[in-house]
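These notes concern the structure reproduced below.
The values are calculated or read from the model by the stated rules, or taken from the named source; none is laboratory data. Quick caveat, the model's predicted, so the values are computed rather than measured. All Cβ positions, glycine included, derive from the backbone under ideal geometry; neighbour counts span all protein chains shown.
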Amino acid sequence: MSKVKVTVYISSHNYGQYLKEAIESVIRQTTSNWELILINENSTDNTQDIFDLYKGDNRVKIFKTKKLGIPSAANFALEKSSGEYFIRLDADDIFEDNNLLVLSNYLDSNSDIAMVFPDFYLMDENGNVFSQVRRQPFYHKNHQRDVPPNGASIMIRSDILRKIGGYRTDLGAQDGTDLWGKIINAHKYANVSLPLFYYRRHENNVTNNNKNIISARRRIKADISGINIDKYKPIIAVIPCRKNYDFISNLWKVELSNGKSLLDIAIEKCINSSVFDHIIVASDTDEVNKTIINYQDSRLEFFERETQSTILSKPIAHTLDDITSKYDKDYSGMTYLGVIQAPFVDTSTIEEGINSLIMHDVESTILVEEINTPVFQRTSHGMNQINKNDYIIDDFDTLYSHTRTCVVTRNSNLKKGSLTGSNIISNIAYDREAFLIKDERDISIANLILKEKKIY
């Protein structure tokens, strides 16, 4: 018997309603040199009944396990596999008929490539295709790390996957980021620029569990950046506050419904992180010392700023530069700008900004949110919509807005009078992190959010 070219695996925990479509899409492949590993993760629906339909196919291996989760299921399948190449198909997705043929032929023809992946279609829960996602070629290191491929339908050489230790199982989620990071450090990879599988979007699919995925990505970034963090020290947190705001005096003193002031919230999220060497509250009123003395943290200090520096026409970069010149004379480190008007940016988000800067070796990171509403640009012929809802979605077409809630910058930028520099990457705001208090009404909204979410 000839060696199996491709191992496909499908794991299911109560995904029976979509399962037969997924399996049949493997059966229909235009190449026949594959094996299919089916894993029933302690399902209570009709998963096993559907698996049993394929007992007579000697290319299909069926296993019953406890509930494993995506990373552990992948490692289990890898252990049981005999294919030269290894690929995952989620139980609710579908392969295009030529998927295995195109991807395996690419690896056969390019011995220096460890991993290959396709573009893909988006379909709704009923299988109706509504869009095609197209990946741009990779241009440089920052782009490579910032946009990992979809975790499904990545074909990788099995020996390389085993060599790098398979998939991490301690993250609580898996979306391709961990594998991506391991591969690009030591191997080449490619996109075939063809849509070769159908990705189903519905309320129950695993990618909707954004919180777990974001948490996993943050841990991966921390692991990667932690090796090099000393090169970027000192790391300073600066919390600017002032007497006068546009709509209220001493906004920093305002207590929210959790009994904490906005300054308290900003200080505590910094104190909760071990990465900061200095935590500086910069203000034109020494009244903030009444808040500072409540915290027993040697990193926490008061920095007096001139009232003139607090007016809106005065760039905040100048104040940050004044602080940097005292705490980082060589301008070798970085600074996090802690905005008191952003109460829902948490410690892990701040650390992600720091870790992203280190991992990508860029000048700054900002927190953004995707713009889903129509955006128009004035032209000589009237208004032109920039973010059109085209059928083909290019990963460079998405528009984002700066939330102004979290900025991490190299101190060398501040020396030049710039807050961010020119080489900027972004992190995506999660849930309420983009919320910014801009008027008194927003204070009331923040209190409602706190009651609803039971934050802090």
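Say whether the condition of being surrounded by 15 or more Cβ atoms within 10 Å (Cβ to Cβ) and not assigned by TED's automatic domain parsing to the domain that holds ASP124 is met by at least one residue in the range 371-384. Looking through the range 371-384, none of the residues is surrounded by 15 or more Cβ atoms within 10 Å (Cβ to Cβ) and not assigned by TED's automatic domain parsing to the domain that holds ASP124.
Considering only residues in the range 326-355 that are in contact with a helix residue (DSSP H, G or I) (Cβ under 6 Å, 6 or more places away or on another chain) and among the small types (Gly, Ala, Ser), the one that is surrounded by the most Cβ atoms within 10 Å (Cβ to Cβ) turns out to be GLY338.
Consider ILE371 carefully, then state whether it is at pLDDT 90 or above and β-branched (Val, Ile, Thr). Give the derivation first.
Details: at pLDDT 90 or above: no; β-branched (Val, Ile, Thr): yes.
Taking the combined requirement at face value, the residue does not satisfy it.
Does the range 107-138 hold any residues that are outside any strand (DSSP E or B) and of a type in the set (Gly, Ala, Ser), and which are they? Don't jump to the end; show me each part of the working.
Of all residues in the range 107-138, those outside any strand (DSSP E or B) come to 107-112, 124-128, 135-138.
Result: SER109, SER111, GLY127.
Note on the range 150-182: residues that are of a type outside the set (D, E, K, R), assigned to a loop (DSSP other than H, G, I, E, B) and modelled with pLDDT of 65 or more total 12.
Scanning for something touching a residue at least 40 places away in the same chain (Cβ under 8 Å) and hydroxyl-bearing (Ser, Thr, Tyr), does the range 368-378 turn up at least one residue?
Taking the range 368-378 as the starting set, the residues that turn out to be touching a residue at least 40 places away in the same chain (Cβ under 8 Å) are 368-370.
Those still in the list that are hydroxyl-bearing (Ser, Thr, Tyr) too: none.
No, the range 368-378 contains no residue that is touching a residue at least 40 places away in the same chain (Cβ under 8 Å) and hydroxyl-bearing (Ser, Thr, Tyr).
Among the residues of the range 53-83, those identified as over 15 Å from ILE156 (Cα atoms) and among the hydroxyl-bearing types (Ser, Thr, Tyr) are TYR54, THR65, SER72. Cβ-Cβ contacts under 7 Å between residues 6 or more apart (or on different chains), taken from a first residue in the range 12-28 that is at pLDDT 95 or above and charged (D, E, K, R) to a second residue that is surrounded by 16 or more Cβ atoms within 10 Å (Cβ to Cβ) and not in a helix (DSSP H, G or I), are listed as GLU21/ILE94. Looking across the range 389-419, the residues that are farther than 21 Å from ARG218 by Cβ and either in contact with a helix residue (DSSP H, G or I) (Cβ under 7 Å, 6 or more places away or on another chain) or not assigned by TED's automatic domain parsing to the domain that holds ILE358 (or both) come down to ASN411, LEU414, LYS415, GLY417, SER418, LEU419. Of all residues in the range 353-370, those that are in contact with a Gly (Cβ under 6 Å, 6 or more places away or on another chain) and either acidic (Asp, Glu) or not in a strand (DSSP E or B) (or both) total 1.
Given ALA266, ALA216, ALA282, which one is buried (at least 16 other Cβ atoms within 10 Å of the Cβ) and either of a type in the set (Val, Ile, Thr) or not assigned by TED's automatic domain parsing to the domain that holds ARG432 (or both)?
Working: ALA266 fails: either of a type in the set (Val, Ile, Thr) or not assigned by TED's automatic domain parsing to the domain that holds ARG432 (or both); ALA282 fails: either of a type in the set (Val, Ile, Thr) or not assigned by TED's automatic domain parsing to the domain that holds ARG432 (or both).
Criteria check complete, one pass: ALA216.
Within the range 249-263, being surrounded by fewer than 14 Cβ atoms within 10 Å (Cβ to Cβ) and more than 17 Å from PHE344 (Cα to Cα) holds for one residue alone: SER249. Only a single criterion out of (1) in a helix (DSSP H, G or I); (2) closer than 24 Å to VAL102 by Cα; (3) modelled with pLDDT of 95 or more is not satisfied by ALA74, namely (3). If you check ILE271, ILE323 for being buried (at least 21 other Cβ atoms within 10 Å of the Cβ), assigned by TED's automatic domain parsing to the domain that holds LEU357 and within 27 Å of LYS415 (Cα to Cα), only one passes: ILE323. Among the residues of the range 28-65, the ones that are buried (at least 16 other Cβ atoms within 10 Å of the Cβ) and either farther than 15 Å from ASN14 by Cα or not assigned by TED's automatic domain parsing to the domain that holds LYS80 (or both) come to 10 in all.
Could you list all residues from the range 411-439 that are assigned to a loop (DSSP other than H, G, I, E, B) and in contact with a strand residue (DSSP E or B) (Cβ under 7 Å, 6 or more places away or on another chain)? Within the range 411-439, LEU419, THR420, GLY421, ALA429, GLU433, ALA434, LEU436 qualify. Only one entry in ILE23, ILE50, ILE39 is more than 22 Å from ASN191 (Cα to Cα), in contact with a Phe, Trp or Tyr (Cβ under 9 Å, 6 or more places away or on another chain), β-branched (Val, Ile, Thr) and outside any strand (DSSP E or B), namely ILE23.
The residues of the range 112-131 that are surrounded by fewer than 16 Cβ atoms within 10 Å (Cβ to Cβ) and either closer than 15 Å to ASN191 by Cα or acidic (Asp, Glu) (or both), listed by number, are ASP112, ASP124, GLU125.
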